[in-house]
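The numbers here are math on the coordinates, done by the rules we state, and not lab data. Not measured: the values here are computed from a predicted model. Neighbour counts run over all protein chains shown; Cβ positions are idealised from the backbone, glycine included.
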Amino acid sequence: MIVVEGDIDLYSSPELRSAVLKAVPKAITGVGVHLGGVTYMDSSGVATLVEGLRSAKEHDKTFTLLAPSTAVMKVLELARLDSVFEVRSA
Amino acid sequence: MLADDIRLQVSSDPRLLGVIRGVIQVWLEVLGLLIDRRQEVVLAVDEACSNAMRHAYEGRTDESIELVLSASNEWIEITVSDQGTPCPTECSEYRPLLPPAPHEVEPGGLGVKLIHEVFDEVRFCPGTTRGNCVTMRLHWTAKNEVDSED
């Protein structure tokens, strides 16, 4: 599981992208990204999650957003991408 | 409303995006914009600044971005300007946000769509040889204002 806290923006999203794209091929069944501590997310964060989802599909793995904060859900809803991801409350 | 515009000049360094967001957040709070709308406006302005950093300045962190924040009884207006490479017109055109089919989900190109989604009026003005300017305007409506919550 990848735990993310704080703001995800143009400055911080490359680190998340690297972590996600490394984790996917190594995962046995799939990757969970815990987003409960995320205070802000921009389109670069959304793009990173979309890349993770695509990579997981290519590797035949699952990609799950765990306990996304309201800040995360708000931007996903605004981008009309909230239904694209598998979301679990915890 | 506030008597004067606020002008900010910041380096094109992504580490400063948090500072920009903080200033916009407090300014919108002072103006009395509803918290949900505040978060959306902060996001859209962040996207405009990120576009200047990524595309106009191609990642160079020592260039300049200027923001002008102004408000009247009818609207809130934020202008973001840079002196970088002009954005191709097709990159700033309005494209509606629609829920994509799972196989059609693309990771990029979302920033401009979010800007159009959040603001009532958006005007992109790329320079002929240099620079970009995006003016984003939100109209005051009863549902935007804090006082209308009760």
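Across all Cα atoms of the protein assembly as shown, the radius of gyration (one decimal) and Dmax (whole number) stand at 18.2, 60 Å.
Measuring r between the beta carbons of residue B:54 and residue B:98 and using R0 = 25 Å, the FRET efficiency lands at 0.55.
Compute the longest continuous run of chain B that contains no exposed trypsin sites (Lys or Arg not before Pro); treat a site as exposed when its DSSP state is not H, G, I, E or B and it has at most 16 other Cβ atoms within 10 Å.
Numbers: sites that count: B:60, B:130.
No qualifying site falls inside B:61-129, the longest such stretch.
Each residue of region A:3-9 was assigned a 3J(HN,Hα) from its phi angle through the Karplus curve 6.51 cos²θ - 1.76 cosθ + 1.60 (θ = phi - 60°); the sequence is 9, 10, 9, x, 8, 10, 9 Hz, with glycine and proline shown as x. Find the relative contact order for chain A and round it to a whole percent, using C-alpha pairs within less than 8 Å whose residues are 6+ positions apart. Normalised by residue count, the contact order of chain A is 32 percent. Taking amide H atoms as placed 1.01 Å from N in the peptide plane, the amide H of residue A:36 lies under 5 Å from those of A:4, A:69, each 5 or more residues away in sequence or on another chain.
Two tests apply to each whole DSSP H helix in chain B, Cα reach of 18 Å or more along its axis and mean Kyte-Doolittle hydropathy of at least 0.0, and the ones passing both are B:17-31. The simple Förster model, with R0 at 30 Å and r as the Cβ-Cβ distance, assigns residue B:36 and residue A:5 a FRET efficiency of 0.85. Find out how many positive minus negative residues lie around residue A:40, taking Lys and Arg as positive, Asp and Glu as negative, among other residues whose Cβ is under 13 Å from that of residue A:40. Spelling it out: positives minus negatives among the neighbours equals -4.
In terms of its alpha-carbon gyration tensor, region A:42-90 comes out oblate; a/c meets the 1.5 threshold, while b/c is at least as large as a/b. Averaging the sequence gap over all C-alpha pairs within less than 8 Å and six or more residues apart, then dividing by the number of residues, gives chain B a relative contact order of 28 percent.
Derived scalar couplings between HN and Hα for region B:126-140 equal x, x, 6, 10, 7, x, 9, 9, 10, 10, 10, 10, 10, 7, 6 Hz in order, rounded to whole Hz, by the Karplus curve 6.51 cos²θ - 1.76 cosθ + 1.60 (θ = phi - 60°), x for Gly and Pro. Once you order the gyration tensor axes a ≥ b ≥ c over the Cα atoms, which shape class does chain B get: rounded for a/c under 1.5, otherwise prolate or oblate by comparing a/b with b/c? It comes out oblate by the Cα gyration axes.
I'd like the GluC sites (Glu not before Pro) in region B:12-113 restricted to DSSP loop residues with at most 15 other Cβ atoms within 10 Å, sorted by number. Present the calculation step by step, with values, prior to reporting the outcome.
Working: sites: B:29, B:40, B:47, B:58, B:63, B:66, B:74, B:77, B:90, B:93, B:104; in loops: B:58, B:63, B:74, B:93.
Here the GluC sites (Glu not before Pro) that fit, given the DSSP loop and packing criteria, are B:58, B:74, B:93.
Note on residue B:113: lysines with a C-alpha under 20 Å away, same-chain residues under 8 apart excluded, are A:74. For residue A:22, the aspartates and glutamates whose Cα comes closer than 17 Å to its Cα, not counting residues fewer than 8 places off in the same chain, are A:51, A:58, A:60.
Local charge for residue A:10 was computed over the other residues whose Cβ lies under 11 Å away, with Lys and Arg +1 and Asp and Glu -1, and equals -4. Could you list, bin by bin from short to long, the percent of Cα-Cα pairs of chain A in 10 Å steps? Reading the bins upward from 0: 19, 58, 23, 0.
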